[in-house]
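Note sheet for the following structure.
The values are calculated or read from the model by the stated rules, or taken from the named source; none is laboratory data. Since the structure is predicted, the reported quantities are computational estimates derived from the model, not experimental observations. Because the Cβ atoms are built from the backbone with ideal geometry, glycine has one as well, and the counts that use them run over all protein chains shown.
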Amino acid sequence: MEQNLGDIRFNHNTLKMKKILILGAFCFTGLIIAQTDNQDILSIEKGTWNVGGNLSFGFDESEDTGANRNRETESSFFSFSPNIGYAIKKNLIAGLALRYSRFDREAISMNDSLISFSGTGENTTLGVTPYLRGYLPVGNRLAFYAQFETSFFKTTLKSEDKIPEPDFSENESRGFFVGIRPGITFFVSERFALETVIGSLGYTQSKFEDTADRETTSKDFSFNLNSSEIFFGLSYYF
């Protein structure tokens with residue numbers, strides 16, 4: 001088997017730059033509006049509820065060519081996270097979020113016009129995240145926030161090779177994340193707000209178990225700004 005596709009990784013550089021540019025334009029517009037409006041500064045009062053959801057997705061194609069060989073890879077990801085929160089004090093919300101994400105990849109390699117490898121991979125993650133979010137208003141519509149959270153997740157990893165020999169594997173990984181996610185909230189009306197999450201900073205620990213009951217534990221502390229960690233969403237405050 002040429003490559004184990006259970007551990008799916010993506011090259012998101014182009015997509016990440018596009019999202020950063022969109023995010024920059026969004027922030028710049030919001031700051032201008034906040035500075036030119038003379039109304040009172042934004043305040044999320046104690047007792048306020050909010051419900052919403054964040055979405056992230058992307059698609060990538062790559063081709064690697066060399067002497068008498070060619071490898072093509074297509075990958076995609078989709079992630080959705082609904083949430084509900086309650087303001088326990090002014091500009092401080094405690095909440096709970098759920099998360100579903102899926103990563104898919106298909107690869108094919110050719111040597112001298114003959115297929116030497118063909119396979120697919122799929123990662124599906126389910127998670128639950130209690131969080132505490134503090135807001136820093138900078139106008140009557142715009143606020144920056146820091147979200148402190150603990151996330152528990154389970155990932156199912158599937159890998160299927162078709163060439164040179166049929167092979168299928170399915171494994172599981174369980175773990176948790178503790179850290180901070182910075183973000184921006186911009187109210188387009190009194191109740192509705194556009195929101196974005198900009199990466200994460202924290203500690204992740206996961207335990208991988210294969211079909212032979214062998215376990216591998218990984219630990220990581222990092223700042224993550226890849227495109228799968230940048231979310232855009234809509235929330236309703238009431």
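Below is a table of values for the structure above.
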quantity: Index of the failed condition, L201 passing every other in (1) in contact (Cβ under 8 Å) with a residue 24 or more places away in the chain; (2) within 18 Å of P130 (Cα to Cα); calculated: (1)
quantity: Residue match in the range 28-49 (condition: assigned to a strand (DSSP E or B) and at pLDDT 85 or above); calculated: yes
quantity: Hits in the range 75-115 - residues which are at pLDDT below 90 and loosely packed, with under 15 Cβ neighbours inside 10 Å; calculated: N111, D112, S113, L114, I115
quantity: Residue count for the range 204-233, restricted to those that are assigned to a loop (DSSP other than H, G, I, E, B) and free of Cβ contacts under 8 Å to residues at least 40 places away in the same chain; calculated: 3
quantity: Meets criteria (more than 30 Å from F238 (Cβ to Cβ), part of a strand (DSSP E or B), among the small types (G, A, S) and out of contact with any Gly (no Cβ under 6 Å at 6 or more places or on another chain)) for G127; calculated: no
quantity: Any hit, the range 118-135, residues being modelled with pLDDT under 95, over 15 Å from the mean Cα position of the chain (by Cα) and of a type in the set (D, E, K, R); calculated: yes
quantity: Residues of the range 164-173 satisfying the condition of being in contact (Cβ under 8 Å) with a residue 24 or more places away in the chain and either buried (at least 16 other Cβ atoms within 10 Å of the Cβ) or among the aromatic types (F, W, Y) (or both); calculated: S169, N171, S173
quantity: Positions within the range 138-172 being closer than 22 Å to G127 by Cβ and either more than 17 Å from the chain's Cα centre (by Cα) or of a type in the set (A, V, I, L, M) (or both), in sequence order; calculated: Y145, A146, L157, K158, S159, E170, N171, E172
quantity: Qualifying residue in the range 176-186 (condition: β-branched (V, I, T), assigned to a strand (DSSP E or B) and touching a residue at least 60 places away in the same chain (Cβ under 8 Å)); calculated: yes
quantity: Matching residues in the range 39-53 - criterion: being surrounded by 13 or more Cβ atoms within 10 Å (Cβ to Cβ), farther than 21 Å from V138 by Cβ and not aliphatic (A, V, I, L, M); calculated: W49, G53
